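Only one structure is covered here, and it is reproduced in the block below.
The values are calculated or read from the model by the stated rules, or taken from the named source; none is laboratory data. Nothing here was measured: the structure is a model prediction, and the numbers come from that model. Positions of Cβ are generated from backbone atoms using ideal geometry, with glycine treated the same way; all protein chains shown enter the neighbour counts.
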Amino acid sequence: MTAPLVAPSTDESRSPAPVPRSVLTPRDALALGVQGLRGRRGRALLTSVGIAIGIAAIVAVIGISASSKANVLAVLDRLGTNYLTITPGQTLGSDEQAQLPPESVGRLSLLDHVQSVAATAQLGVTVRRTDVVPATNTKGTVVLAAEPDLLSTLNGRLRGGRWLDATPRDYPTVVLGVTAASRQGVDLSAGGQLVWIGDQWFAVVGILDEMPLAPELDNAALISTAVATQKFGYQGSPTTVYLRTSPADINGVRDVAAATADPVSPQEVDVTRPSDAIEARAATDSAFTTLLLGLGGVALLVGGVGIANVMVISVLERRGEIGVRRALGATRRHIRTQFLVEALVQAALGGLAGVLLGGAITVGYGLSMGWPIDLPVVGLAGGILAALVVGGVAGLYPASRAARLEPAQAVRPS
Amino acid sequence: MSRPVLEFVDVIHEYPGSPPVRALDHVTLTVSAGEWVAIVGPSGSGKSTLLNLMGALDQPTTGTVRIDGHDLAGLDDEQLSALRGRALGFVFQSFHLLAGMTALENVATALVYRGVPAAERRERAAAAMSRVGLGHRIGHRPAQLSGGESQRVAIARALVGAPSLVLADEPTGNLDSRTGEEIMGLFQELHREGTTLVLITHDQGIAAAAPRRVGIRDGKIVVSTRDGVTV
C-alpha cells in the first residue's frame, strides 16, 4: 500500500503505520470455493447435474458426428475415391431419357489412365419371390444386366455366396443387392433359393454387401449380360457405366468421359463422382445434429440458471458467514471472488462429469456401430470452457449480492 | 496512561429517515491498551451502533472515530476491511462458527485474509485453541461442540491474529449462566495477560466483572466508572 491510511495529522506521534491490505491468494480462493461446496454436497451435486447433462449432450453430439465422419472417410479410403459414374442425361429438346451407345463401354475402357470399366443396364422385367406374386409387387427391386467385372471394378464385396457364374448351370444365376435380399426375403444360409425373374426361375448364388459408391445396386437383382441377351433380348445399351481411374488422373478422365461415351451428343451424358456426394453429405451437419446441439445448449442454460438460483439462496443462508469473513478482514472483492469461485468450481465439476459422460456415450455408440472413435479435443476443451462460462455468468449476480451485504447487518443475530 | 487503541471524539450517528434517528449523540470515549471496558445499556440504547463503529463496520455521521490510531473517515472498503482484519477481533453472541469446517480451521480462517501461509495458520490456530483451553477439540466440527466450547473457539478466532482490541458483543447471551461465568473467567484471564477488551452487554451483572464500566442510554454516555469510582 502506498497511501497512508489516515490523513496527515498535526500530532506526529499519532500518525500510525499504514495497515497492510487484506489479501486472498488464488489458492485460498479455490480452497474456499471447494469448501463452500463440500458443506452442501447434496445440493451441489443436484445443481451440477444440469450442467453435466448439457455438456454431455453437446460432447456426445460432437463426438458421434465426428466419429461418423471419420467412418465415412475410412470407408472412402478403403473403397477409393477414384471412381466416376457415367449415366445418360436428358435429351435436348425433349423429355425423353437419353441412351448411352452400346459401344460407350468399349470406348471408355480405351482412355488413358482408366483402370477398369463395368456397366449395368436396367432390364424391363421384374423380379419376384415366386411366380404367384403379382407382377406389380416388385418391392422396388430392379433387374440389372451386369458385366462380370462389375464387382472388381467397384471394389465391392459379397456378404454371402459367390459372384455371377461365367457359364450357367441348371438354372440361370442372379446376385441380389443387400436391400433387395432382405425385401425379397432371400437368406442364403437357409440353402439354395430361387427367385422368379421375367418368366422363369433364377438361382440366387450371392448377396452383395452394401455398396456405398453405388447405392443403386443395393436394391437390384443382377444377372449377367450374357443371360440378359439370351433370355430378355438385351441390346447392350448400358444405363450406368462405372469407371475406375488412377487416382491422380481422375479429373483429366472426367473432362473427356462424356465426349468419349457419346461423341455425337456429349451434352446428353452425365458424369458424376459418387465419393464427392458422400463427402459432402458427411461434411454437412444434419438437422438432427443441430437439434441435439440446441437441446444441449438449453440444458446448459437451465443448468446455469439452477446454479444462479441455488447460489442466491446460499447467499441468504450464509449471511452470518459473510459477516464473519468481513469482520475477519475480507473485502467486498474477496467475498465476490469466493462466491464466484464456488459457482465456477460447481460448473467445472458438472462440465467434467458431462465431458466424461459425453465421451462414454460417443465411445459406446461408436463401438456399437463399428466406427472409428473420433473425440475432438477441441470439443472436450470447449465443453469444459462452456461450463465455466455458464458458471461464471451464473455466479455473477449472487456473488455481487453477497459482496453488497453490509457486514454490520450480516453478523447480527436474526 | 498507555496508548489509546480506540478513540471516539464527539461522535454522532444518525440512521436515515424523516426525521433521522439519532442512535449516538455526542459520544466521546477513549479505550487504552490493556483496558477491559464493559459498555452497558438496555436494548435500543445505541449499543449496537457503538459496536458497529468500534468494529469499523460503519462510519460516524459526524465526529471522529480512531481505531488503533487510524481515523475511519475517508477509509474505503479495502482499508476498513484491512483495519478490521489486523487491529480487531470479534466475538459474537451467536458464535458464527462456519459449520463446514473443523474448530481449528475456523480459527485459522482469521489469518487467511492476512496472507499467512496455510501451515503457519494451522500452527498459530492450534496455539490459540490451547490458550482458550480447547487444545483437545481442534478436529471437532461446530455441531459437535457445546455452546461454551463454541464460544471459546470464537474467542480463539478473535485472538489468533493478536489484535489491538477484542470486541465481544453479548458473548454470554446464548449461554447458560454457569457456562457464561466460565467465559467471563476466560476474559478475566485474557485481561490479565494484557488483552484490550470491550464487552458490550445489557446485563449489569456481567458488566460488573469489568474494571471499567460505561453506561449508555438513548445514545448518550450516562455513567462511567472505573474500579467502582465514577469518573
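Given the structure, is B:ARG121 within 21 Å of B:GLY194 (Cα to Cα), surrounded by 20 or more Cβ atoms within 10 Å (Cβ to Cβ) and either in contact (Cβ under 8 Å) with a residue 12 or more places away in the chain or in contact with a Lys or Arg (Cβ under 7 Å, 6 or more places away or on another chain) (or both)?
Numbers: within 21 Å of B:GLY194 (Cα to Cα): no; surrounded by 20 or more Cβ atoms within 10 Å (Cβ to Cβ): yes; either in contact (Cβ under 8 Å) with a residue 12 or more places away in the chain or in contact with a Lys or Arg (Cβ under 7 Å, 6 or more places away or on another chain) (or both): yes.
The answer is no for B:ARG121.
Please find, among B:VAL21, B:VAL65, B:VAL9, B:VAL37, the residue that is touching a strand residue (DSSP E or B) at 6+ places or on another chain (Cβ under 8 Å), at pLDDT 95 or above and surrounded by fewer than 21 Cβ atoms within 10 Å (Cβ to Cβ). Outline the logic, then answer.
On the way: B:VAL21 fails: at pLDDT 95 or above; B:VAL65 fails: surrounded by fewer than 21 Cβ atoms within 10 Å (Cβ to Cβ); B:VAL37 fails: surrounded by fewer than 21 Cβ atoms within 10 Å (Cβ to Cβ).
When all the criteria are applied, what remains is B:VAL9.
Which of the residues spanning region A:141-160 are over 18 Å from A:LEU108 (Cβ atoms) and among the charged types (D, E, K, R)?
A:ARG157, A:ARG159
Go through region A:42-72 and give me each residue that's of a type in the set (Lys, Arg) and at pLDDT below 85.
Scanning region A:42-72 gives a single hit, A:LYS69.
Please enumerate the residues belonging to region B:49-72 that are at the interface with chain A (Cβ under 7 Å from one of its Cβ atoms) and among the small types (Gly, Ala, Ser). Can you show your working first?
Here is the first cut: in region B:49-72, the residues at the interface with chain A (Cβ under 7 Å from one of its Cβ atoms) are B:52, B:55, B:57-58, B:68-71.
Matches in region B:49-72: B:GLY55, B:GLY69.
Just the residues that are among the β-branched types (Val, Ile, Thr) and surrounded by fewer than 23 Cβ atoms within 10 Å (Cβ to Cβ), please, taken from region B:207-222. Outline the logic, then answer.
Filtering region B:207-222 for residues among the β-branched types (Val, Ile, Thr) gives B:214, B:216, B:221-222.
Listed by number, the residues that qualify are B:ILE221, B:VAL222.
Can you name the residue in region A:315-328 that is assigned to a helix (DSSP H, G or I) and in contact with a helix residue (DSSP H, G or I) (Cβ under 7 Å, 6 or more places away or on another chain) and, of all such residues, is farthest from the other protein chains (Cβ to nearest Cβ)?
Residues of region A:315-328 assigned to a helix (DSSP H, G or I): A:315-317, A:319-327.
Imposing the further condition that a residue be in contact with a helix residue (DSSP H, G or I) (Cβ under 7 Å, 6 or more places away or on another chain) reduces the set to A:315, A:319-320, A:322-323, A:325-327.
Values: A:VAL315: 15, A:ARG319: 10, A:GLY320: 5, A:ILE322: 10, A:GLY323: 7, A:ARG325: 8, A:ARG326: 7, A:ALA327: 4 Å.
Checking each candidate, the answer is A:VAL315.
Quick check on A:THR47: is it assigned to a helix (DSSP H, G or I), among the polar types (S, T, N, Q) and crowded, with 17+ Cβ neighbours inside 10 Å?
Values: assigned to a helix (DSSP H, G or I): yes; among the polar types (S, T, N, Q): yes; crowded, with 17+ Cβ neighbours inside 10 Å: yes.
Yes.
So if I check each of B:SER150, B:SER146, B:SER164, which one is of a type in the set (Ser, Thr, Tyr) and in contact with a strand residue (DSSP E or B) (Cβ under 6 Å, 6 or more places away or on another chain)?
Working: B:SER150 fails: in contact with a strand residue (DSSP E or B) (Cβ under 6 Å, 6 or more places away or on another chain); B:SER146 fails: in contact with a strand residue (DSSP E or B) (Cβ under 6 Å, 6 or more places away or on another chain).
The match here is B:SER164.
For B:LEU134, state whether it is more than 7 Å from every other protein chain (Cβ to nearest Cβ), surrounded by 18 or more Cβ atoms within 10 Å (Cβ to Cβ) and closer than 24 Å to B:VAL31 by Cα. Give the derivation first.
Details: more than 7 Å from every other protein chain (Cβ to nearest Cβ): yes; surrounded by 18 or more Cβ atoms within 10 Å (Cβ to Cβ): yes; closer than 24 Å to B:VAL31 by Cα: no.
Spelling it out, it is not the case that B:LEU134 is more than 7 Å from every other protein chain (Cβ to nearest Cβ), surrounded by 18 or more Cβ atoms within 10 Å (Cβ to Cβ) and closer than 24 Å to B:VAL31 by Cα.
Pick from region A:154-183 the residues that are polar (S, T, N, Q) and surrounded by fewer than 21 Cβ atoms within 10 Å (Cβ to Cβ): which of them is farthest from A:ASP77 (Cα to Cα)?
Let us first name the residues in region A:154-183 that are polar (S, T, N, Q), namely A:155, A:167, A:173, A:179, A:182.
From what is left, the residues that are surrounded by fewer than 21 Cβ atoms within 10 Å (Cβ to Cβ) are A:155, A:167, A:179, A:182.
Details: A:ASN155: 12, A:THR167: 34, A:THR179: 23, A:SER182: 27 Å.
Taking the candidates together, the pick is A:THR167.
Please go through (1) modelled with pLDDT under 85; (2) closer than 20 Å to A:VAL253 by Cα for A:LEU92 and return the number of the only condition it doesn't satisfy.
With (1) modelled with pLDDT under 85; (2) closer than 20 Å to A:VAL253 by Cα applied to A:LEU92, the lone miss is (2).
Could you please find all residues in region A:102-137 being over 23 Å from A:SER275 (Cα atoms) and either surrounded by 18 or more Cβ atoms within 10 Å (Cβ to Cβ) or among the aromatic types (Phe, Trp, Tyr) (or both)?
A:LEU123, A:VAL125, A:THR126, A:VAL127, A:ARG128
State yes or no: is A:GLY297 under 32 Å from the mean Cα position of the chain (by Cα) and either part of a helix (DSSP H, G or I) or surrounded by fewer than 21 Cβ atoms within 10 Å (Cβ to Cβ) (or both)?
Details: under 32 Å from the mean Cα position of the chain (by Cα): yes; either part of a helix (DSSP H, G or I) or surrounded by fewer than 21 Cβ atoms within 10 Å (Cβ to Cβ) (or both): yes.
It is true that A:GLY297 is under 32 Å from the mean Cα position of the chain (by Cα) and either part of a helix (DSSP H, G or I) or surrounded by fewer than 21 Cβ atoms within 10 Å (Cβ to Cβ) (or both).
So which of A:ALA282, A:ALA347, A:ALA353 ends up being touching a Gly at 6+ places or on another chain (Cβ under 7 Å) and more than 14 Å from chain B (Cβ to nearest Cβ)?
On the way: A:ALA282 fails: touching a Gly at 6+ places or on another chain (Cβ under 7 Å); A:ALA353 fails: touching a Gly at 6+ places or on another chain (Cβ under 7 Å).
Matching residue, one of A:ALA282, A:ALA347, A:ALA353: A:ALA347.
Is at least one residue of region B:100-116 hydroxyl-bearing (Ser, Thr, Tyr), buried (at least 23 other Cβ atoms within 10 Å of the Cβ) and either more than 10 Å from every other protein chain (Cβ to nearest Cβ) or under 24 Å from B:ARG131 (Cα atoms) (or both)? Explain how you work it out, then say what you get.
Taking region B:100-116 and keeping what is hydroxyl-bearing (Ser, Thr, Tyr), we get B:102, B:109, B:113.
Filter again for buried (at least 23 other Cβ atoms within 10 Å of the Cβ), leaving B:109, B:113.
Next, only the ones that are either more than 10 Å from every other protein chain (Cβ to nearest Cβ) or under 24 Å from B:ARG131 (Cα atoms) (or both) stay: B:109, B:113.
For region B:100-116, residues hydroxyl-bearing (Ser, Thr, Tyr), buried (at least 23 other Cβ atoms within 10 Å of the Cβ) and either more than 10 Å from every other protein chain (Cβ to nearest Cβ) or under 24 Å from B:ARG131 (Cα atoms) (or both): present.
Scan A:VAL253, A:VAL312 and give me the residue that is modelled with pLDDT of 90 or more, more than 14 Å from chain B (Cβ to nearest Cβ) and in a helix (DSSP H, G or I).
Values: A:VAL253 fails: modelled with pLDDT of 90 or more.
Selected residue: A:VAL312, the only one of A:VAL253, A:VAL312 that is modelled with pLDDT of 90 or more, more than 14 Å from chain B (Cβ to nearest Cβ) and in a helix (DSSP H, G or I).
Which of the residues spanning region B:73-93 are out of contact with any Pro (no Cβ under 7 Å at 6 or more places or on another chain), crowded, with 23+ Cβ neighbours inside 10 Å and more than 7 Å from chain A (Cβ to nearest Cβ)?
If the condition is that a residue be out of contact with any Pro (no Cβ under 7 Å at 6 or more places or on another chain), crowded, with 23+ Cβ neighbours inside 10 Å and more than 7 Å from chain A (Cβ to nearest Cβ), then B:LEU80 is the only one that fits.
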